[in-house]
Structure formats: structure tokens, C-alpha cells
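The values are calculated or read from the model by the stated rules, or taken from the named source; none is laboratory data. In this text, all values refer to a predicted model and were calculated from it rather than measured experimentally. Counting neighbours? That spans all protein chains shown, and the Cβs are built from the backbone with ideal geometry, glycine included.
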């Protein structure tokens, strides 16, 4: 049994590879040669992990990936336990549908990261694409549990149709952040784009860098929300994300909506001092 399994990219990738077989909990009982024989898909052609990556280590649920894997999709999709560390950028759908374990990406990720996840945590140290923490294709719900932490900015439809869980964005968010959320919390330290929390039923969108509150939300009050303080303190301590104390303990304007639904959601806008 090794401390961890390493997958080192053999060379630059010109085509996109589907890598649903790269799941840490699946490696826990496999020898090095067995891991190398697991299938990947290059278009319609099936290849093996060992054809694309040099494999080191065996029988471990801790996996480290070396190399530029922006063209590798589905890494860690459906994982239930273990740890996965990508020492660079990663492709689309990383951690999609995951139920447990931790993913740490030292670079950026492409679209649909953590889509439909039910548990576990994903930490992206740079930026993320569209639909992070949202619903998978054809699904009525996005993430229903777990935590996604993005140090940088994200694209459109972040957290769309969330049912539970926590999505933290350290930079800016694109249009339609927290669209149609049913529950859960989305925190954006930067500015958000158009139509924030559109058609929200419940749940909480916290914005610290500026938001154009839709007319379907009504102003309720100004206060210091204790749950925001708790969430930001947790994020700072667990993930090492620096959050200014003025935001953690600051005052927020509370808006209730969306009036087009059951109107039990909220947008909390940090009041700049």
C-alpha cells in the first residue's frame, strides 16, 4: 500500500479525454498495473490510464495528478471518499456527482465543476468556469450537499438550482448566480452579474462586492447576520481563505424574494463602510 497514487501526464493533450475512471476510492484496492489498465475515452476510442499517465503507487485512496489536465473531463466524478489533488489546471465536470472525499485543485477548472454533488468538498485555488455547483444535464436540482470553495472568479449560472450545500466565491460571479436555488448558501466576495438569485425559492445569496438587486426582491432590514459570520469563519479556518474582518462582522441589507416564487429566499448585500 502506497501513501498515495500519482498520475503524471505523459505529454500534452491535443484532444479531450473522458476520465470517469479516475476516482480515488476506486484505486484503494487496486495494484499499480490494475490502475494503469482502467479505461479512458478519447472520443469514441477507448484507451487505458497507463497510455495517458505514468502511474506510480497502488492501493491508496489518495491521488495526485501532475500535468496540464485541462483537456481531461470528469476527474473525480462520483467519488465517495478519498483525496484528490490536481497540481495545475483541470478540465470540465471535475467532482461532478461526488458524494464524499476532498478535491484540491491548485489551478483553475472548466465548466460544471461539482455539478450535482451531494457531499464532500472541492477547493479551487484559481478560477472556475460556468455552472459550478449547478445541476447536471436534465436534472431538476443542482448540488444537494457538500462545499465548493473557489478562491478566484466564476462564470455564469453558479449554484443554479442548488438544494443544499455551500458555494463560496472569492472573486466575482457572472450572470444568474444562485438562479432558481431551492436552499443552500452562495457567498460572493466580489461583484455579481445580472439577474442574481432569479426565481429563487429559498436559500441565501451573500454579496460583498456589489449587486443590482432585482425589483422582484423587497428590502427587509439592515442587520449583522450571525450565520454569515459563522460560514465565513468556517471557510477561513478550514480552507485558509483570507476574508477581511469587516466583511465577516459587517452589516448587511436583507432583501426577500423572489416574488415570482414562494419568496422565502434572501439576498444579503454587505454595507460598505
* To do: Check the stretch 231-245 and report whether any residue there is surrounded by 15 or more Cβ atoms within 10 Å (Cβ to Cβ), within 19 Å of residue 162 (Cβ to Cβ) and more than 20 Å from the chain's Cα centre (by Cα).
  => no
* Asked: For the stretch 12-92, which fully contained helices (runs of 4 or more DSSP H) count at least 2 residues that are farther than 26 Å from residue 135 by Cβ and over 18 Å from the mean Cα position of the chain (by Cα)?
  -> 32-36, 49-52
* Asked: How many residues does the stretch 79-92 hold that are out of contact with any helix residue (DSSP H, G or I) (no Cβ under 7 Å at 6 or more places or on another chain) and surrounded by fewer than 18 Cβ atoms within 10 Å (Cβ to Cβ)?
  -> 2
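Closer than 16 Å to residue 18 by Cβ, modelled with pLDDT of 95 or more and either in the same structural domain as residue 149 (by TED's automatic domain parsing) or buried (at least 19 other Cβ atoms within 10 Å of the Cβ) (or both): which single residue out of 107, 119, 76, 100 fits that description?
On the way: 107 fails: closer than 16 Å to residue 18 by Cβ; 119 fails: closer than 16 Å to residue 18 by Cβ; 100 fails: closer than 16 Å to residue 18 by Cβ.
The unique qualifying residue is 76.
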* **Matching option when the condition is buried (at least 16 other Cβ atoms within 10 Å of the Cβ), over 18 Å from residue 91 (Cα atoms) and touching a helix residue (DSSP H, G or I) at 6+ places or on another chain (Cβ under 7 Å), among 61, 21, 28** => 61
* Pick from the stretch 260-273, criterion within 21 Å of residue 148 (Cβ to Cβ) and touching a helix residue (DSSP H, G or I) at 6+ places or on another chain (Cβ under 8 Å), ranking: surrounded by the fewest Cβ atoms within 10 Å (Cβ to Cβ) -> 270
* Look through 184, 193, 257, 171 and report the one residue that is within 26 Å of residue 144 (Cβ to Cβ), at pLDDT below 95 and surrounded by 14 or more Cβ atoms within 10 Å (Cβ to Cβ). => 257
* **Checklist (1) under 15 Å from residue 258 (Cβ atoms); (2) without any contact (Cβ under 8 Å) to a residue 24 or more places away in the chain; (3) touching a strand residue (DSSP E or B) at 6+ places or on another chain (Cβ under 8 Å) applied to residue 164, failing item** => (1)
* To do: For the stretch 218-230, state whether one or more residues are in a loop (DSSP other than H, G, I, E, B) and within 22 Å of the chain's Cα centre (by Cα).
  => no
